[in-house]
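Here's the structure we're looking at; comments come further down.
The values are calculated or read from the model by the stated rules, or taken from the named source; none is laboratory data. This is a predicted model, so every value here is computed, not measured. Cβ: placed from backbone, ideal geometry, glycine included. Neighbour counts: every protein chain shown. The area values use the complete protein model at the heavy-atom level, side chains included, leaving out ligands, DNA and RNA. Shrake-Rupley method; radii C 1.70, N 1.55, O 1.52, S 1.80 Å.
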Amino acid sequence: MMAIEDSGQVRYCARFSYLCLKFSLIVYSLFFWFIGALILSVGIYAEVERQKYKTLESAFLAPAIILILLGVIMFIVSFVGVLASLRDNFCLLQAFMYILGMCLIIELVGGVVALTFRNQTIEFLNDNIRRGIKNYYDDLDFKNIMDFVQEQFKCCGGEDYRDWATNQYHDCSAPGPLACGVPYTCCFRNTSDVINTMCGYKTIDQERLSVVDVIYVRGCTNAVIIWFVDNYTIMAAVLLGILLPQFLGVLLTLLYITRVEDIISEYSVTDGLLGREKSDLEFSGGGCCMCYPGEHPQGP
């Protein structure tokens, strides 16, 4: 009698742990599925709006494109996780786990490489910012981003304020009032509400010390890096918020796969959790999604 009670207790614990892991994985996958759908919707809407005012054929640094790509990846991967957890499909479960693991490894390796080759990474960022500055007045997305960064981080250009010479309107040989100047978002703001849009007039060809009281002379790349170093707790929280959910997904899927394998081994199910059994076991009353096998009491 004691052995029968112990066996029933073990069976109950096994069923309970299986259902807990299944429910947790479904909730996890559904949450990021909805997040992916939301990001994808916002990206599509932003891209439709961007096309209305688009004058540049390049998609360089287009936030809408980035949102669409991120949304598509999250939506597809999370859908695989939802389907795999509902159907207990080993191929989909393993694919979900490996995809999350690969994304996690790629992000970690990318971060290590970026830190190891710090100078090359900074130069790469500066080159891309110069490309954006070249099309500053044609790409409204980049213009808004650059203006925001320059105002918030009190900087100008990528490497320094002279990067604005790459723009055809700000080049010193160009005609017009913008020649040899920088946008007003590079300027120190006065106390009045009126914005002087020509405050950066004729500053590119000046020495740093002569314009240090008029415009921000440091580049935005270094300004953003310094801000992250000074606010390392925020940076750590952001990194943790990106990496921890992926690690949790890998761990949760691995535990769930292990639990399902134990159930298959225990009940000797040869055709998978959704298949038919060759013994007296059947799947009626098998619990959530007909995935946990039930059994008939044996006759005398």
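Laid out as a table, the results:
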item	result
Overall form of segment 86-141 per C-alpha gyration tensor (a/c, 1.5; a/b vs b/c)	oblate
Under the Debye formula (equal points on every Cα, no solvent term), log10 I(q)/I(0) of segment 106-258 at q = 0.09, 0.19 Å⁻¹	-0.39, -1.17
Inter-probe distance in nm under a simple model that places probes 7 Å from Cα toward Cβ, at L38 and F16	3.4
Which of F228, F117, F142 is most accessible, then next, and so on - probe 1.4 Å	F117, F228, F142
19 Å cut-off, amide nitrogen to a point 7 angstrom out along Y98 Cα→Cβ, residues in segment 238-258	247, 249-258
Residues N128 and Y169, FRET efficiency given R0 of 25 Å [Cβ-Cβ distance, rounded to 0.05]	0.80
Label point distance in nm, D138-L244, each placed 7 Å from Cα along Cα→Cβ	4.4
Residue-level accessible surface for I226, protein heavy atoms, 1.4 Å, Å²	80
Cα centre as origin, Lys/Arg/Asp/Glu Cβ charges: segment 106-258 dipole, Debye	140
